[in-house]
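Below is one structure; the comments refer to it alone.
Taken together, the values in this text are just the output of simple stated rules run on the coordinates, not laboratory data. Everything numeric in this text was worked out from a predicted model, so none of it was measured. Virtual Cβ from ideal backbone geometry, glycine too; neighbours counted across all protein chains shown.
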Amino acid sequence: MKTIQMTLDEQLISQVDTVVKRLKTTRSAFTRHALRAALARLREQELEAKHRRGYEKKPVQSGEFDGWEAEQAWGDA
């Protein structure tokens with residue numbers, strides 16, 4: 001681990017302190033968790049955008065997935 005210095009506004013610190021007390025954790029642990037979650041969300045958004053660009057570049061063709069229709073299980077049986 002590496003110690004870093006961050007500048008946060010008082011209201012944010014107060015909110016974090018309230019939450020860490022309730023969760024019985026520390027500011028550092030809470031911040032690590034929040035940063036990991038934010039990075040995961042960002043990565044997901046990037047992958048979704050890449051997926052969307054791929055389909056914009058090469059749209060699904062009519063009948064392209066027809067052969068898989070019988071394989072789909074929708075759970076309504």
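What the table shows:
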read-out	value
Sum of -39500 (n - 2.57) over DSSP H runs of 4+, divided by residues of the chain (222 nm, nearest 500)	-20500 deg cm²/dmol
Environment charge at Ala34 (Cβ cut-off 11 Å; Lys +1, Arg +1, Asp -1, Glu -1)	+4
